[in-house]
1. Considering only residues that are aliphatic (A, V, I, L, M) and open to solvent by 40 Å² or more (accessible area, probe 1.4 Å), look in region B:17-33 and name the one that is nearest to B:ARG130 (Cα to Cα).
2. Answer yes if at least one residue in region A:166-183 is under 30 Å from B:PHE176 (Cα atoms), of a type in the set (Lys, Arg) and surrounded by 23 or more Cβ atoms within 10 Å (Cβ to Cβ), and no otherwise.
3. Inspect region B:16-31 for any residue being of a type outside the set (D, E, K, R) and more than 15 Å from B:LEU144 (Cβ to Cβ) and give the result as yes or no.
4. If you go through region B:199-221 one residue at a time, how many are open to solvent by less than 10 Å² (accessible area, probe 1.4 Å) and not β-branched (Val, Ile, Thr)?
5. Which one of B:ALA143, B:ALA133 is touching a Ser or Thr at 6+ places or on another chain (Cβ under 6 Å), away from chain A (no Cβ under 14 Å) and among the aliphatic types (A, V, I, L, M)?
6. Quick check, is A:ARG150 at pLDDT 95 or above and closer than 24 Å to A:VAL32 by Cα?
7. Taking region B:30-62 on its own, how many of its residues are under 14 Å from B:ALA97 (Cβ atoms) and not acidic (Asp, Glu)?
8. Do we have A:SER84 as open to solvent by 20 Å² or more (accessible area, probe 1.4 Å) and either within 19 Å of B:PRO81 (Cβ to Cβ) or at pLDDT below 90 (or both) here?
Number of protein chains: 2
Amino acid sequence: MTDSMQSPHIVKSYDRDLEGIQASIMKMGGLVEAAILEAANSLEMRDEELAERVRKNDAAIDALEEQINQEAARLLALRQPSASDLRVVLSVMKIAANLERIGDYAKNMAKRTSVLVQMTPIEGASGAIRRMAKTVEGMLKDALDAYIQRDPELALDVRQRDHEVDQMYNALFREFLTFMMEDPRNITACMHLHFIAKNIERMGDHATSISEQVIYFVTGSIPEDARPKSDTTVYETTGAK
Amino acid sequence: MTDSMQSPHIVKSYDRDLEGIQASIMKMGGLVEAAILEAANSLEMRDEELAERVRKNDAAIDALEEQINQEAARLLALRQPSASDLRVVLSVMKIAANLERIGDYAKNMAKRTSVLVQMTPIEGASGAIRRMAKTVEGMLKDALDAYIQRDPELALDVRQRDHEVDQMYNALFREFLTFMMEDPRNITACMHLHFIAKNIERMGDHATSISEQVIYFVTGSIPEDARPKSDTTVYETTGAK
């Protein structure tokens, strides 16, 4: 059945349902953006209460993903969307999954904050992490804007910026190694900070994946120039063999 | 339209398409299981060639995910599956995504092998990692068997076993901390080994997520007893404050 064979009534109601799901995605995106920034702030301010709040708020993010999946499944079950509408619905489910993962990373970050506040701070680390988090939050915001505005150029821009985040992560990795070698008492704190940095780097990957979904459902394919892969720390040795 | 309204011909052809997708899932699962074991072996045997092969083979896993997604999307576009068939198709896409992630972790593990072979081995680490990988590979195998046989009990069993993997990870985390504190020259190797252990722990989460998909599409819901959450290392301090 092509769209033109459907009554205007059915098409309208389908559009309305799709708009409802997209509104849920934006709401979910807003919660996730807030979680990223608040998790980073809780670390920098050594604010355990804020960290606790971030951990609790993750349940609302998970519930929204569940709701989006159910609405999308209902939409697919009730109607037979055209190929391009189908692409949108499937993208929505993937985007919801990406947002849920980013939310999980923010929650994990907040968990580690609660532990890190017990330890001697590592000089400069929490500021660097906050900047990294801010960059990723900006990428996520733009990826979602690109999604709503069906703007593949903005989406491509997000994809480029993932490179910066990777560089920030690699620089932090080297710094943590140095701190650990200088003083073994730094090891535990640096392990946690390193995890946090890695998780933010992964958030960036998920924001990039959202922007690739946008490119995919606007253009029907994802540009092949395999985006520069992130984690070069596997080649770090820092002299310690 | 209910199933009984469809002609036997259409139902048959739908079933055949679904079987085709499920065969692709099993094929993908086989490749991913092999990747887990080979990545762990390459680390233990310090076999760079094997590690290189694991890295290269990941492309075939990614290609299968792409193929499964396209077949599933085509199936949804061409037919209007019943609610329960729809649940199966959506589960298949999620399972493919889980498998792809596990494959990525195996590839990342193999990358780190290539670096670790340059360093002094950490006593006992690669054996412990191989055992952990073997456990996760067994979970994945059973999760996929549970999927093919629609066996929610086997799926529940997989979910329980994730706990063991978490304990193995936590034990390794403590061990790596000790090695690093003992001798700073161990730090870089331990950081890589720790990443590998964490990635195997995450593979376990994805195998669990596959088994939850099985439970979901057989029973229509996921048991609420929030499975014991994995990463307790956030509470590790090992005396170093």
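The values are calculated or read from the model by the stated rules, or taken from the named source; none is laboratory data. Not measured: the values here are computed from a predicted model. When we count neighbours, we look across all protein chains shown, and the Cβ atoms used for this are built from the backbone with ideal geometry, even at glycine. Ligands, DNA and RNA are excluded from the accessible area calculation, which covers all protein heavy atoms including side chains. Shrake-Rupley method; radii C 1.70, N 1.55, O 1.52, S 1.80 Å.
1. Going residue by residue through region B:17-33, those that are aliphatic (A, V, I, L, M) are B:18, B:21, B:23, B:25-26, B:28, B:31-32.
Keeping just the survivors that are open to solvent by 40 Å² or more (accessible area, probe 1.4 Å) gives B:23, B:26, B:31.
On the way: B:ALA23: 28, B:MET26: 23, B:LEU31: 18 Å.
Here the answer is B:LEU31.
2. Within region A:166-183, the subset under 30 Å from B:PHE176 (Cα atoms) is A:166-183.
Right, trim to of a type in the set (Lys, Arg) and you get A:174.
If we keep only those that are surrounded by 23 or more Cβ atoms within 10 Å (Cβ to Cβ) too, we end up with none.
Checked region A:166-183: no residue is under 30 Å from B:PHE176 (Cα atoms), of a type in the set (Lys, Arg) and surrounded by 23 or more Cβ atoms within 10 Å (Cβ to Cβ).
3. If we filter region B:16-31 for residues that are of a type outside the set (D, E, K, R), which is where we start, we get B:18, B:20-26, B:28-31.
Pick out the ones that are also more than 15 Å from B:LEU144 (Cβ to Cβ) and you get B:18, B:20.
Looking through region B:16-31, at least one residue is of a type outside the set (D, E, K, R) and more than 15 Å from B:LEU144 (Cβ to Cβ).
4. Number satisfying all stated conditions: 6.
5. On the way: B:ALA133 fails: touching a Ser or Thr at 6+ places or on another chain (Cβ under 6 Å).
Going through B:ALA143, B:ALA133 in turn, the sole match is B:ALA143.
6. On the way: at pLDDT 95 or above: no; closer than 24 Å to A:VAL32 by Cα: yes.
The answer is no for A:ARG150.
7. Initially, region B:30-62 is screened for residues under 14 Å from B:ALA97 (Cβ atoms), giving B:32, B:61-62.
Subset that is not acidic (Asp, Glu): B:32, B:61.
So the answer is 2.
8. Numbers: open to solvent by 20 Å² or more (accessible area, probe 1.4 Å): yes; either within 19 Å of B:PRO81 (Cβ to Cβ) or at pLDDT below 90 (or both): yes.
Yes; evaluated as a whole, the condition is true for this residue.
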